[in-house]
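Okay, structure first, notes after.
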Amino acid sequence: MILKRFDIFTLPLIILFDIITFSTIFVGIIKKIKIIYMAQDDLFKKLIAHTKEYGYIFPSSEIYDGLSAVYDYGQYGVELKNNIKQFWWEAMVKMHENIVGIDSAIFMHPDIWKASGHVGAFNDPLIDNKDSKKRYRADDLIEEHIAKYQAKIDKDVEKGQNKFGDAFNKEQFLATNQNVLRNQEKINEISGRLTKALTTDDLAELKQIIVDCEIADPISGSKNWTDVRQFNLMFETQLGSTADGASKIYLRPETAQGIFVNYLNVQKSGRMKIPFGIAQIGKAFRNEIVARQFIFRMREFEQMEMQFFVKPGTELEWFEHWKNLRIKWHKAMGLPEEKYRFHKHDKLAHYANAAFDIEFEFPFGFKELEGIHSRTDFDLKQHQEFSGKKLQFFDPESGESFIPYVVETSVGLDRTFLSILSGAYCEEEIKKENGESDTRVVLRIPPALAPIKLAVLPLIKKDGLPEKAREIIDELKFDFTCQYDEKDSIGRRYRRQDAIGTPYCITIDHDTLKDNMVTIRDRDTMVQERVKISDLTKILEEKVSMRKLLKKIF
RNA sequence: GCGGGAGUAGCUCAGUUGGUAGAGCAUUAGCCUUCCAAGCUAAGGGUCGCGGAUUCGAGUUCCGUCUCCCGCUCCA
């Protein structure tokens, strides 16, 4: 399905605005820009190709055939990513007196993952049925099988009771009845093997039990099983270089625990008073069974998290507060509002008493970008118990001690990156004055986040224009990420900048040498105006500063 | 993991019944000077995803394998 719609920019208003604000002379030509709408599948494919072609994202280890679900950020990708981080950090840490940041290590004490519940929840021996294509937990299948023998025993007991009535002696029956003894023996044998297999991580034995017991798929009745495999979502490695002296540790599957275990350090050393927050940006790792959808679900990803510690009982107010502020943060970037959706969870995880998702409409549908969770005192309580260290806050005003409640905001950096690119990628048809039309690909990245803020282009590469351009760039490069380009016609250079999302181009022509004015061209509208070189810093600052984004929130 | 599709130059692709690897765009250099891509000239770039088999000879046939995409499954 391909939809088409005409979007004609209201250029006269923009021109009027510019004339009033900057007293500039408009030199551009009014053009009609038609946005080409395309099927979402096509958009996604084109976006992936575009990000590779223009240096945003490369498949990891590509010359070795790549590594599944791992990607590298290229020369423009890293700039955009850094700008997103900066925007988040400033909105969370710089703008809040009571929030500080940390950068905790990826390696952490293995007991942390026991306390957090990840060791238990992220470790399952799984088996697939080749016929029904269903996947089961191997231990569940065996447990169910054991339950069948138990059911037989229960049935025999029931029969006996019906037969003998009050005279029935259950203990004696269980100890003497041949059927019961046979079934009980089976149970003992199987559960003995199961326990041993589970404690020694013997996957082959688990499979053997399923084969020996002739366990069939409950749906299809098929006994055609794959081998049992351990699906551990946490990556393991060892600390210590020799195999025998080494201890098994994990790469963190989330950054939150690094904040919880440092809660006391930060609170004491920073003299923090509740309510206060700790923010962190960092890598996390999950060995996903199926990792797909480009950088949406990667094995190595980056999170931007803030844990806000509050007095118990006030957590739901703070939950509302952070929910609203985080929505504002996303909206401040200026992507289409209808791309966002908000979703309150009815079913809650065991540790949460409120949860809220901010979702974005990616080319493959609405998916979670950020989660805001009221986590109660679950995490700190667990760490207090497992570490044996008191993690309480003493409130000098009321004189009470308590474990703070936590409201968490957790946003995927790579997902935010993808949301910006998929919201920004745009193909347009441009009507020229002579009636011909022409297409361009443009990344409408929010100017404050764009990798390159402006390109400085001499109209031609002689007559002293390149020298003048260098002179200008040497001044502007202190404040803005600039790019210089003199190759090919001016139109082609504009298009190259459009494709990487550079919001402004300034062009040096022969008049510049006489009047010290340049043309500044806007990426989105293609409108050009003539401004003084001496005004450039001020004008650009107004257009591309991070301050402008923050002002929309605060 | 299962099923389907794909893999030839940076990109998009062509490549006949097996006979020494091609185009357009892009890139680089030079010419031309032009405010919205595709002017002229030249050059560079591929062991056809990887490995094996058949054959005098494989991009092409067969087997294996890796990676990517779509769907299912799994996961928060």
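The values are calculated or read from the model by the stated rules, or taken from the named source; none is laboratory data. Quick caveat: nothing in here was measured; it's all calculated off a predicted structure. Backbone-built Cβ (ideal geometry, glycine too); neighbour counts: all protein chains shown. In case anyone asks, the SASA skips ligands and DNA or RNA and just uses the protein heavy atoms, side chains included. Shrake-Rupley method; radii C 1.70, N 1.55, O 1.52, S 1.80 Å.
Specify the residue that is nearest to A:Arg492 (Cα to Cα); the eligible residues are those in segment A:514-533 that are assigned to a helix (DSSP H, G or I) and open to solvent by less than 80 Å² (accessible area, probe 1.4 Å). Ranking the candidates gives A:Ile533 first. Just one of the numbered conditions (1) over 25 Å from A:Phe87 (Cβ atoms); (2) surrounded by fewer than 22 Cβ atoms within 10 Å (Cβ to Cβ) is not true of A:Ala448: (1).
Residues of segment A:124-152 that are open to solvent by less than 40 Å² (accessible area, probe 1.4 Å) and modelled with pLDDT under 80: A:Asp124, A:Pro125, A:Leu126, A:Ile127, A:Asp128, A:Asn129, A:Ser132, A:Ala138, A:Asp139, A:Leu141. Against the numbered list (1) within 16 Å of RNA strand B (Cβ to nearest atom); (2) surrounded by 20 or more Cβ atoms within 10 Å (Cβ to Cβ); (3) of a type in the set (D, E, K, R), A:Glu300 comes up short only at (2). Within the bounds of segment A:288-295, is there any residue that is small (Gly, Ala, Ser) and either surrounded by 19 or more Cβ atoms within 10 Å (Cβ to Cβ) or in contact with a strand residue (DSSP E or B) (Cβ under 9 Å, 6 or more places away or on another chain) (or both)? No, every residue in segment A:288-295 fails to be small (Gly, Ala, Ser) and either surrounded by 19 or more Cβ atoms within 10 Å (Cβ to Cβ) or in contact with a strand residue (DSSP E or B) (Cβ under 9 Å, 6 or more places away or on another chain) (or both).
For segment A:496-513, the candidate set comprises residues that are in contact with a helix residue (DSSP H, G or I) (Cβ under 8 Å, 6 or more places away or on another chain) and closer than 16 Å to A:Ala448 by Cα; within that set, the residue that is surrounded by the fewest Cβ atoms within 10 Å (Cβ to Cβ) is A:Tyr504.
Kindly provide the set of residues from segment A:47-60 that are within 9 Å of RNA strand B (Cβ to nearest atom) and out of contact with any Lys or Arg (no Cβ under 8 Å at 6 or more places or on another chain), ordered by number. Spell out the reasoning first.
Initially, segment A:47-60 is screened for residues within 9 Å of RNA strand B (Cβ to nearest atom), giving A:48-49, A:52-53, A:59-60.
Residues satisfying the conditions are A:Ile48, A:Ala49, A:Lys52, A:Glu53, A:Ser60.
Is it true that A:Ile420 is among the β-branched types (Val, Ile, Thr), within 17 Å of the chain's Cα centre (by Cα), away from RNA strand B (no atom under 16 Å from the Cβ) and more than 29 Å from A:Lys114 (Cβ to Cβ)? Before the answer, list the steps.
On the way: among the β-branched types (Val, Ile, Thr): yes; within 17 Å of the chain's Cα centre (by Cα): yes; away from RNA strand B (no atom under 16 Å from the Cβ): yes; more than 29 Å from A:Lys114 (Cβ to Cβ): yes.
Yes.
Evaluate segment A:472-495: report whether one residue or more is within 30 Å of A:Leu325 (Cα to Cα), in contact with an Asp or Glu (Cβ under 9 Å, 6 or more places away or on another chain) and open to solvent by less than 50 Å² (accessible area, probe 1.4 Å). Yes, because at least one residue in segment A:472-495 is within 30 Å of A:Leu325 (Cα to Cα), in contact with an Asp or Glu (Cβ under 9 Å, 6 or more places away or on another chain) and open to solvent by less than 50 Å² (accessible area, probe 1.4 Å). For A:His321, the conditions (1) open to solvent by 40 Å² or more (accessible area, probe 1.4 Å); (2) at pLDDT below 95 are fulfilled apart from (2). Among residues of segment A:59-86 that are at positive phi, those with a beta-carbon under 7 Å from a residue that is more than 9 Å from RNA strand B (Cβ to nearest atom) at least six positions away or on a different chain give the pairs A:Ala69/A:Met298; A:Ala69/A:Arg299.
Every test in (1) modelled with pLDDT of 90 or more; (2) open to solvent by 20 Å² or more (accessible area, probe 1.4 Å); (3) over 25 Å from A:Arg297 (Cβ atoms) is passed by A:His373 save one, and that test is (3). Among the residues of segment A:426-472, the ones that are in a strand (DSSP E or B) and not polar (S, T, N, Q) come to 16 in all. Of all the residues in segment A:241-260, those that are modelled with pLDDT under 75 and of a type outside the set (S, T, N, Q) number 4.
Among the residues of segment A:499-513, count how many are in contact (Cβ under 8 Å) with a residue 12 or more places away in the chain, in a helix (DSSP H, G or I), within 9 Å of RNA strand B (Cβ to nearest atom) and not β-branched (Val, Ile, Thr). Spell out the reasoning first.
First, pick out the residues of segment A:499-513 that are in contact (Cβ under 8 Å) with a residue 12 or more places away in the chain: A:499-510, A:512-513.
Add one more test, that the residue is in a helix (DSSP H, G or I), and what stays is A:499-500, A:510, A:512-513.
Keeping just the survivors that are within 9 Å of RNA strand B (Cβ to nearest atom) gives A:510, A:512.
Those still in the list that are not β-branched (Val, Ile, Thr) too: A:510.
The total comes to 1.
For segment A:259-275, give me each residue that is buried (at least 22 other Cβ atoms within 10 Å of the Cβ) and in contact with a strand residue (DSSP E or B) (Cβ under 6 Å, 6 or more places away or on another chain).
A:Ile259
Considering A:Thr195, A:Thr176, the condition of being within 43 Å of the chain's Cα centre (by Cα) and either buried (at least 16 other Cβ atoms within 10 Å of the Cβ) or without any contact (Cβ under 8 Å) to a residue 40 or more places away in the chain (or both) is satisfied by A:Thr195 alone.
Hey, among A:Ile190, A:Ile210, which residue is under 39 Å from the mean Cα position of the chain (by Cα) and surrounded by 15 or more Cβ atoms within 10 Å (Cβ to Cβ)?
On the way: A:Ile190 fails: under 39 Å from the mean Cα position of the chain (by Cα).
Step by step, each of A:Ile190, A:Ile210 is checked, and only A:Ile210 is under 39 Å from the mean Cα position of the chain (by Cα) and surrounded by 15 or more Cβ atoms within 10 Å (Cβ to Cβ).
For beta carbons closer than 6 Å, sequence separation of 6+ or different chains, a first residue in segment A:198-209 that is farther than 17 Å from A:Val119 by Cβ and a second that is in a helix (DSSP H, G or I) and modelled with pLDDT of 75 or more, the qualifying pairs are A:Glu205/A:Ala197; A:Leu206/A:Ala138; A:Leu206/A:Ala197; A:Ile209/A:Ile142; A:Ile209/A:Arg193.
Screening the candidates A:Leu465, A:Leu536 for the property of being more than 12 Å from RNA strand B (Cβ to nearest atom) and open to solvent by less than 60 Å² (accessible area, probe 1.4 Å) yields one hit, A:Leu536.
A:Glu429 satisfies every condition listed in (1) more than 30 Å from A:Arg297 (Cβ to Cβ); (2) modelled with pLDDT of 90 or more except (2).
Among residues belonging to segment A:382-424 that are among the basic types (Lys, Arg) and more than 30 Å from A:Val78 (Cα to Cα), point out the one that is least open to solvent (accessible area, probe 1.4 Å).
So the first thing to find is which residues in segment A:382-424 are among the basic types (Lys, Arg), and the list is A:389-390, A:415.
Retained after the next criterion (residues that are more than 30 Å from A:Val78 (Cα to Cα)): A:389-390.
Numbers: A:Lys389: 128, A:Lys390: 146 Å².
For segment A:382-424, the residue satisfying everything is A:Lys389.
In segment A:473-498, the qualifying residues are those that are away from RNA strand B (no atom under 16 Å from the Cβ), in a loop (DSSP other than H, G, I, E, B) and free of Cβ contacts under 8 Å to residues at least 60 places away in the same chain, and the one that is farthest from A:Gln75 (Cα to Cα) is A:Phe478.
Annotation note: Cβ proximity below 8 Å between a residue of segment A:364-375 that is within 12 Å of A:Asp414 (Cβ to Cβ) and a residue that is β-branched (Val, Ile, Thr) (sequence gap 6+ or interchain) occurs for A:Leu369/A:Ile358; A:Leu369/A:Val411; A:Leu369/A:Thr416. In segment A:358-370, the residue that is nearest to the chain's Cα centre (by Cα) out of those that are open to solvent by 10 Å² or more (accessible area, probe 1.4 Å) and within 21 Å of A:Lys323 (Cβ to Cβ) is A:Glu368.
Every listed requirement among (1) open to solvent by 40 Å² or more (accessible area, probe 1.4 Å); (2) farther than 28 Å from A:Ser247 by Cα is met by A:Ser68 save one, (2).
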